[in-house]
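*Asks:* The structure that follows is given in the form of structure tokens.
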Amino acid sequence: MHTYRIGDAAALLGVSADTVRRLVDGGKLTAERDELGRRIIPGPALAAYARQLHRAERESTGSSARNRFSGIVTDVILGDVSAQVEIQAGPFRVVAMVSRESAEELELEPG
């Protein structure tokens, strides 16, 4: 089983090490002690917390503020598993591969 030190877990979650310590102290994230007495986060526990965090963010906001920019969808090509989405963002053409599930959930279509 892979384990993560507090700082590594913080980097993966996009939060500070102090936030991870508070999560552990508050019982929201499990930690163990290594042979030197340092707190480590078991990989499965970190993955479960990240999934839970992602679900809570999607339910509350619908999308991530980090993934927003002004543009217009010009084309969507749905495949069996993925979707190719073309966006015109000012003078730039952006082409992104996303999961088909995401494209359908976001109801992406030209315009």
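*Asks:* Is region 68-86 home to any residue that is modelled with pLDDT of 85 or more, within 16 Å of the chain's Cα centre (by Cα) and surrounded by 13 or more Cβ atoms within 10 Å (Cβ to Cβ)? It would help to see each step written out before you state the result.
*Replies:* Initially, region 68-86 is screened for residues modelled with pLDDT of 85 or more, giving 73-86.
From the residues that got through so far, the ones that are within 16 Å of the chain's Cα centre (by Cα) too are none.
Taking every residue of region 68-86 in turn, none turns out to be modelled with pLDDT of 85 or more, within 16 Å of the chain's Cα centre (by Cα) and surrounded by 13 or more Cβ atoms within 10 Å (Cβ to Cβ).
*Asks:* So in region 22-38, with the set limited to residues that are open to solvent by 100 Å² or more (accessible area, probe 1.4 Å) and charged (D, E, K, R), which one is nearest to residue 4 (Cα to Cα)? Walk me through it before giving the result.
*Replies:* So the first thing to find is which residues in region 22-38 are open to solvent by 100 Å² or more (accessible area, probe 1.4 Å), and the list is 22, 25, 28, 33, 35-36.
When the remaining residues are screened for being charged (D, E, K, R), the result is 22, 25, 28, 33, 35.
Numbers: 22: 16, 25: 16, 28: 16, 33: 11, 35: 14 Å.
By that ranking, first place goes to 33.
*Asks:* Let me ask something else about it. Since residue 42 meets every condition but one in (1) surrounded by fewer than 15 Cβ atoms within 10 Å (Cβ to Cβ); (2) more than 13 Å from the chain's Cα centre (by Cα), which condition does it not meet?
*Replies:* Of everything listed in (1) surrounded by fewer than 15 Cβ atoms within 10 Å (Cβ to Cβ); (2) more than 13 Å from the chain's Cα centre (by Cα), residue 42 misses just condition (1).
*Asks:* Tell me, which residue of region 1-11 that is surrounded by fewer than 15 Cβ atoms within 10 Å (Cβ to Cβ) and among the hydrophobic types (A, V, I, L, M, F, W, C) is modelled with the lowest pLDDT?
*Replies:* From region 1-11, those surrounded by fewer than 15 Cβ atoms within 10 Å (Cβ to Cβ) are 1-2, 7, 11; that's our starting set.
Now drop any that are not among the hydrophobic types (A, V, I, L, M, F, W, C), which leaves 1, 11.
On the way: 1: 71, 11: 87.
Step by step, filter region 1-11, then rank; the result is 1.
*Asks:* OK, next. Of all residues in region 3-29, which are within 20 Å of the chain's Cα centre (by Cα), over 14 Å from residue 53 (Cβ atoms) and assigned to a loop (DSSP other than H, G, I, E, B)?
*Replies:* 16
*Asks:* Please identify the pairs in which a residue from region 13-28 that is under 13 Å from residue 39 (Cα atoms) has its Cβ atom under 8 Å from the Cβ atom of a residue that is part of a helix (DSSP H, G or I) and among the aromatic types (Phe, Trp, Tyr), counting only partners at least 6 apart or on another chain.
*Replies:* As it stands, the answer is 23/49, since those pairs meet every condition given.
*Asks:* Identify all residues within region 87-97 that are touching a strand residue (DSSP E or B) at 6+ places or on another chain (Cβ under 9 Å) and at pLDDT below 90; write none if there are none. Step through it out loud before you land on a result.
*Replies:* Our first condition is that a residue be touching a strand residue (DSSP E or B) at 6+ places or on another chain (Cβ under 9 Å); within region 87-97, this holds for 87-89, 93-97.
Correct list: 87, 88, 89, 93, 94.
The values are calculated or read from the model by the stated rules, or taken from the named source; none is laboratory data. Just so it is clear, the structure is predicted and the values come from calculations on it, not from any experiment. Using ideal geometry, Cβ is built from the backbone for each residue, glycine included, and neighbour counts are taken over all protein chains shown. When the accessible area is computed, the model is the full protein with side chains, heavy atoms only, and any ligands, DNA or RNA have been set aside. Shrake-Rupley method; radii C 1.70, N 1.55, O 1.52, S 1.80 Å.
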